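Here's the structure we're looking at; comments come further down.
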Amino acid sequence: VLRRVETEKSTDITVHDAEGRVVIPGLVDAHTHLVFAGTRALEYEQKIRGASYLDILAKGGGILNSVERTRKATHSELLDSARKRARTMVAAGSTTIEVKSGYGLSLEAEVKMLEVVSQLNSALPVEFVPTLMSAHAVPSEYEGNSEKYVEYMLEHIIPEIARRRLAEFSDVFCEKGVFSVEQSRRILLESAKWGMRPKIHADEIVPLGGAELAAQVGAVSADHLVAPSDEGIVQLADSETVAVLLPATSLFLGLAKRAPAREMIRRGVAVALATDFNPGTSPVMSMQLVMSLACSYLRMTPQEALTAATINSAYAVGRGERAGALEKTRQADIVIMDAEDFREVPYFMGSNLACAVIKKGVIVARDGNALF
Ligand SMILES: [Zn+2]
């Protein structure tokens, strides 16, 4: 598809002819849980058949099921499955992918997950951004005693992950029944002391004050935001925090409630997009599909969706100065789409239009296949 054009002037410049196709910046997936063992496809069927969250938990399902399987998995099992999924993501145009830990929930297993992210970074020709998320859930050994688990994180997990330089960011699931706003604040401030910038799973289900907390602690991003308060939106608009919206999650769960994207944009919040790829609530790997959902489901325009999936999501993972836009000063992360108009990218919902994906000037996927 992509013809290499020979140039006479210089031998170290390769010129490719995109033959009139749409050329956009490499897509930045700002929120994933890429590393985990097993899937939860059985639980998907159980939910469709009407099982409640508690039924599923009682049958050993839910997030703690992924934790149990991830704890048992070896490095190479986790690396192999993550690599396979990353191939699909990159073939669909993602060139920078944030990855959270959080299916370990013990020092040993969180280290293992983040070491796998580090191995992905050295083994594959795209960028993975590591985030510590030991505050993803309360592990079963601390059931009913989240305070004790928070202390364990503060004293053991956060300092050790920082000492080993395994994560750039630290994230917390600030939600009713998981970690409170005050616990989240302590976790994020302690992480920041150790050099890991805050991110927050904020106001996904109820308006708990996650958006406000994100603005107050200077979080690089506040993610989900299906149910932020008005005050939370105002505070985000006045902050440097990027709102990362995850419409695939709402759609996969069949929820009617969705993030108020129009209201956020109207108030001046910087809005980004991500897949939230994870085994329980979003097995979605394509940022192109997420752009379609942002348009059809969140009523963002194709222009806004493209901005949100590139430059804004680059800022949401601390890469705003070198990724997310086509400029001489940035790395050459580029996707050539088999389209004549960029609006066709969200418009052809569910298709992969990426015919060439380029990372730092090197072609890493062609016609739907990763070259690694
Ligand atoms: Zn998440």
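Of note:
- Ranking Gly280, Ala248, Met337 by how far each Cα lies toward the positive end of the dipole of segment 232-372 (charges on Cβ) leaves Gly280 at the top.
- Euclidean distance between Cα centres, segment 351-372 to segment 16-95, Å: 20 Å
- 20 Å cut-off, amide nitrogen to a point 7 angstrom out along His16 Cα→Cβ, residues in segment 111-125: 124-125
- Here the contact order of segment 23-97, divided by its residue count and restricted to Cα pairs under 8 Å and six or more residues apart, works out to 58 percent.
- Placing dummy labels 7 Å off each Cα toward the beta-carbon, the span from Thr301 to Val206 is 3.8 nm.
- Of Ser239, Pro207, Met196, farthest towards positive along the dipole that unit charges on Lys, Arg, Asp, Glu beta carbons give segment 164-244: Met196
- Calculated FRET value between Ser140 and Phe372, using beta carbons and R₀ = 35 Å, to 0.05: 0.40
- Cross-link partners of Lys47 among aspartates and glutamates (Cα-Cα below 15 Å; sequence separation of 8 or more within a chain): Asp55
- Rounded D (µm²/s) - segment 302-350, Kirkwood Rh over Cα pairs, Stokes-Einstein at 25 °C, 0.890 mPa s: 210 µm²/s
- Translational diffusion coefficient (Stokes-Einstein; Kirkwood radius from C-alpha pairs) of segment 242-372 at 25 °C, 0.890 mPa s, in µm²/s: 161 µm²/s
- Over 18 Å apart at the Cα level, from the set Lys100/Lys199; Lys328/Lys360; Lys112/Lys199, are Lys112/Lys199.
- Note on the chain: Cα-Cα pairs beyond 32 Å make up 29% of the total pair count.
- Computed E for Tyr53/Lys360 - FRET, C-beta separation, R0 51 angstrom, nearest 0.05: 0.75
- Using Cβ point charges alone (K and R +1, D and E -1), the dipole size of the chain about the Cα centre works out to roughly 480 debye.
- Coupling constants for segment 195-208 follow from the phi torsions by the Karplus curve (6.51 cos²θ - 1.76 cosθ + 1.60, θ = phi - 60°), and in residue order they are x, 9, 6, x, 9, 9, 7, 10, 6, 6, 10, 10, x, 8 Hz; glycine and proline get x.
No value in this document is a laboratory result; all are computed from the given coordinates. All values reported here derive from a predicted model rather than from experimental measurement. Virtual Cβ from ideal backbone geometry, glycine too; neighbours counted across all protein chains shown.
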